[in-house]
Every structure is written in structure tokens, then in C-alpha cells.
Amino acid sequence: MAELAELEDPKTREVNEKHGDDHGVNLSKLRALAKRLKTQQELASRLWETDDTAARLLAILICRPKAFERDELDVMVREARTPKVHDWLVNYAVKKNPHSEELRQAWSADPDPVVASAGWALTTERVAKQPEGLDLAGLLDVIEAEMKDAPERLQWAMNHCLAQIGIEHAEYRTRAIDIGERLEVLKEYPTSSGCTSPFAPIWITEMVRREHDK
């Protein structure tokens with residue numbers, strides 16, 4: 001904790017706080033610290049318990065993802081209220097855990113939109129890597145009915161799933177683009193030069209073009 005305090009930088013914190021992340025540690029320096037510590041599950045658990053954002057990010061980097069029980073991860077995702085901690089927890093720990101599919105199903109229907117967004121992130125992963133058994137048409141039905149009015153984090157996760165379905169599954173591409181065009185979610189999102197817009201029709205079209213050009 002003392003080392004993390006030394007890495008704290010006011011300017012970094014100012015930038016991070018604009019995105020809802022209350023820490024001021026440069027992520028490259030955080031990763032370097034994690035590399036030095038290597039995997040330490042017990043230390044990761046103690047860091048998580050501090051409720052400090054930088055400490056929790058470090059905990060995720062040094063944890064052993066398969067060591068967590070299902071209920072542990074359920075509690076952790078509900079405690080992870082800042083976007084970066086939530087994102088890293090889902091991507092670096094939950095996705096590599098044997099309980100991920102069970103959690104995906106439970107979280108997707110959770111009344112807490114932040115928890116539900118974790119379920120949708122896991123669904124997006126399956127759409128891309130293991131779509132067998134997924135009801136893609138049913139997912140599009142839910143997205144069509146609920147994405148427009150969903151809270152921001154949940155809306156973002158649903159939109160990513162919509163784009164992934166359109167990118168990966170040609171038979172649903174036209175419908176996915178149509179849903180995106182009608183709902184207009186993230187249509188006006190500011191996109192830096194050289195980056196792809198998160199607006200699903202543009203995102204789908206661009207990624208399919210790149211794959212075609214390979």
C-alpha cells in the first residue's frame with residue numbers, strides 16, 4: 001500500500017476521475033509492480049479487501065483466476081463499482097474461471113445494471129469464441145427491446161454484444177445493423193481519428209471489411 005501511495009500522481013488521478021476511476025497510479029507502473037510480485041493469491045485477496053481502487057487493480061493482476069469460488073466472484077463483481085476495476089475483474093479473472101458460464105447466466109438477468117453488464121460482457125466473449133448453444137436471435141430480441149433505455153454501462157455492454165453478433169455471424173449481420181441503425185445508440189459518440197466508432201453499424205461494417213481485406 002505504501003508503494004502504491006508513492007506511485008500516486010495527481011494529474012493521472014484527475015484524468016482517471018473523469019472516467020469514474022478514483023486512483024492516480026499509472027497503469028504501466030502498476031503492471032510493472034505486478035510483474036515483480038508475480039502470482040500471489042493470498043496477497044491479492046488482502047489487497048482487494050482494502051477497498052482501494054489501485055490496490056484492487058493490482059490484486060486482479062496478481063490473482064490466480066481459477067482459485068476463486070463462484071460466490072467469491074459474485075461478491076467481488078458487486079463490490080467493483082469503478083469502471084476499470086469492474087472491467088479488469090471480468091476480463092482478467094472471471095473469463096478465466098471455471099464458473100464463468102454459470103455466472104454469465106446469473107448476472108445477465110440481474111436487476112443491478114452494472115452486474116448485468118458483466119453478464120453481457122461474458123456473453124459477448126461467447127459470441128466470439130464459443131457460440132454453440134447460444135440463442136443469437138433471442139439475444140438480438142433482448143437487445144432490440146432493452147438497449148435503447150438501458151443505463152450507460154449496461155447499454156455499452158449490450159451494444160458490444162450486438163456488434164459482435166454482426167461481425168462474427170453473417171446470417172445475423174443484416175438484422176444486427178438494422179437494429180443499430182434504428183436504435184441509434186452511440187451514433188454520436190466522439191471517436192478519435194484512426195479509431196473505429198462504437199456505433200454498431202459502422203463497427204460491424206469496418207471489422208468485416210478488415211477481415212475481408214486480410
Pulled fully out, how much extra length does the chain show between Arg13 and Asp178, if you take 0.36 nm times their separation in residues and subtract their Cα-Cα distance? 55.4 nm
Just from the alpha-carbon atoms, what are the Rg and Dmax of the chain in angstroms? 18.4, 54
Name the long-range amide H neighbours of Glu8: under 5 Å, sequence gap of 5 or more, or other chain; modelled H, no Pro or chain starts. none
Karplus 3J(HN,Hα) series, Hz, for the stretch 150-159 with 6.51 cos²θ - 1.76 cosθ + 1.60 (x for Gly, Pro): 6, x, 3, 5, 5, 4, 4, 5, 5, 5
Dipole axis of the chain (+1 Lys, Arg; -1 Asp, Glu on Cβ), positive-most option in His212, Ala145, Leu47: His212
Given the rule -39500 (n - 2.57) for each run of at least 4 DSSP H residues, summed and divided by the residues of the chain, what is its mean residue ellipticity at 222 nm, to the nearest 500 deg cm²/dmol? -20000 deg cm²/dmol
Cα Rg, Dmax, the stretch 64-170, angstrom units: 13.1, 38
In whole Hz, what ³J(HN,Hα) sequence does the stretch 8-14 give by Karplus (6.51, -1.76, 1.60; θ = phi - 60°), x for Gly and Pro? 4, 10, x, 5, 5, 4, 4
Added length on full extension, which subtracts the Cα-Cα distance from 0.36 nm per residue, Asp51 to Asp149: 32.2 nm
Distance in nm between label sites at Thr196 and Ala106, each 7 Å beyond Cα in the beta-carbon direction? 3.3 nm
For the pair Val142 and Lys96, what calculated FRET efficiency results from E = 1/(1 + (r/R0)^6), where r is the Cβ-Cβ distance and R0 = 22 Å, to the nearest 0.05? 0.25
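Values in this text are rule-based calculations from the coordinates and carry no lab data. Remember, it's a predicted structure, so these values are computed and weren't measured experimentally. Cβ atoms come from the backbone with ideal geometry, glycine included; neighbour counts cover every protein chain shown.
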